[in-house]
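All remarks here apply to the structure that follows.
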Amino acid sequence: MKLTDNVLRSFRVAKVFRENSDKLNCFDFSPNGETLISSSDDDSIVLYDCQEGKPKRTLYSKKYGVDLIRYTHAANTVVYSSNKIDDTIRYLSLHDNKYIRYFPGHNKRVVALSMSPVDDTFISGSLDKTIRLWDLRSPNCQGLMHPQGKPVCSFDPEGLIFAAGVNSEMVKLYDLRSFDKGPFATFKMQYDRTCEWTGLKFSNDGKLFLISTNGGFIRLIDAFKGAVLHTFAGYNNSKAVTLEASFTPDSQFIMIGSEDGKIHVWNGESGMKVAVLDGKHTGPITCLQFNPKFMTFASACSNMAFWLPTIDD
């Protein structure tokens, strides 16, 4: 089944889960699309089975809190940042609920965490104005960048470069093999005083990246030239909430939630809005991602919703 405007318009909430007492701050699909793991401000980690459409188990990180949870390449391990006590990144085995390793180094809150799509490398960006490069096999930081501002960062789909959005006004591209030489490209964007950048993501084809903000717009950027292709707006975000924006896996569509529980979808090529879907969420949709392998997506406030298309195109 191929994603089209009509298929996207046909998506409806198939299941709602109320496992959390506070908002979800992050979730991540496993690379095979079979499970989803979520982190919440209530300090819980909930594992969902996407094929059966049900929660499988709940773990807690009461002491350190949990944020920015990400699957590693092993199906049953995750990394996440802390939002209490310290700013150490933790590497957890879901199998026996034990920490495998800690990654200390940041001294302010970690605001970005991205796993390499190809190996055990990951990067983190923090309010301490550094980006750190790590390897799951070693607790020591493998590299340190000082981008001179608050960074949002992400690997490209081939794991060869990573992009850092700095100070909500420029994007720096680094080559993983020679990051110590500094960025090989810097794209300066129009600075907007009204909001901050809250996320950066590449499309799966590597040609685009998406900058999300805590304001009322997101930007679609040409990953090679740094040109703004489209600015998407017209969704509600009056309280400067961090709303997650995502690409569909075919890199064709861009979606974001809003504070009134609706999901807005645009065609990346034409820039036209193709759908507004009502998720009946009780709060702002802080997390939204499409399943990498199956025709389903998930959205979350303090509730988690799984969506399915209602037509066969």
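The values are calculated or read from the model by the stated rules, or taken from the named source; none is laboratory data. Computed from a predicted structure; not experimentally measured. For neighbour counting, all protein chains shown are included, and Cβ atoms are generated from backbone atoms with ideal geometry for every residue, glycine included. Accessible surface areas use protein heavy atoms only, side chains included; no ligands, DNA or RNA. Shrake-Rupley method; radii C 1.70, N 1.55, O 1.52, S 1.80 Å.
Does L3 satisfy the criteria of being touching an Asp or Glu at 6+ places or on another chain (Cβ under 9 Å) and either more than 26 Å from G283 (Cα to Cα) or among the charged types (D, E, K, R) (or both)? So L3 passes the test.
Quick one: would you say S168 is open to solvent by less than 30 Å² (accessible area, probe 1.4 Å), polar (S, T, N, Q) and part of a strand (DSSP E or B)? No, not satisfied. Taking the stretch 79-124 as the range and being at pLDDT 85 or above and of a type in the set (D, E) as the test, the residues that pass are D96, D119, D120. Scanning the stretch 11-40 for residues that are in a loop (DSSP other than H, G, I, E, B), open to solvent by 10 Å² or more (accessible area, probe 1.4 Å) and at pLDDT 90 or above turns up P31, N32, E34. Scanning the stretch 77-86 for residues that are over 12 Å from S114 (Cα atoms) and under 19 Å from the mean Cα position of the chain (by Cα) returns T77, S82, N83.
Among the residues of the stretch 288-308, the ones that are in a loop (DSSP other than H, G, I, E, B) and open to solvent by 30 Å² or more (accessible area, probe 1.4 Å) come to 5 in all. Evaluated against (1) under 24 Å from L229 (Cβ atoms); (2) in contact (Cβ under 8 Å) with a residue 12 or more places away in the chain; (3) open to solvent by 70 Å² or more (accessible area, probe 1.4 Å); (4) assigned to a loop (DSSP other than H, G, I, E, B), C195 falls short on exactly one condition, (3). N237 falls short on exactly one of the conditions (1) within 30 Å of T88 (Cβ to Cβ); (2) touching a Ser or Thr at 6+ places or on another chain (Cβ under 7 Å); (3) polar (S, T, N, Q), and that condition is (1). All of I285, I254, I263 fail the test of being in contact with a strand residue (DSSP E or B) (Cβ under 6 Å, 6 or more places away or on another chain) and either open to solvent by 30 Å² or more (accessible area, probe 1.4 Å) or part of a loop (DSSP other than H, G, I, E, B) (or both), apart from I285.
Note on the stretch 233-251: residues that are under 18 Å from the mean Cα position of the chain (by Cα) and part of a strand (DSSP E or B) amount to 3.
Scanning the stretch 122-132 for residues that are open to solvent by 10 Å² or more (accessible area, probe 1.4 Å) and either among the aromatic types (F, W, Y) or touching a residue at least 40 places away in the same chain (Cβ under 8 Å) (or both) gives a single hit, D128. Restricting attention to the stretch 177-192, the residues being touching a strand residue (DSSP E or B) at 6+ places or on another chain (Cβ under 6 Å) and surrounded by 15 or more Cβ atoms within 10 Å (Cβ to Cβ) number 4.
Would the stretch 140-161 turn up any residue that is of a type in the set (F, W, Y) and within 22 Å of F224 (Cα to Cα)? Checked against the condition, which is being of a type in the set (F, W, Y) and within 22 Å of F224 (Cα to Cα), the stretch 140-161 yields at least one hit. Scanning the stretch 266-282 for residues that are open to solvent by less than 60 Å² (accessible area, probe 1.4 Å), over 16 Å from F217 (Cβ atoms) and not in a strand (DSSP E or B) returns G279, H281.
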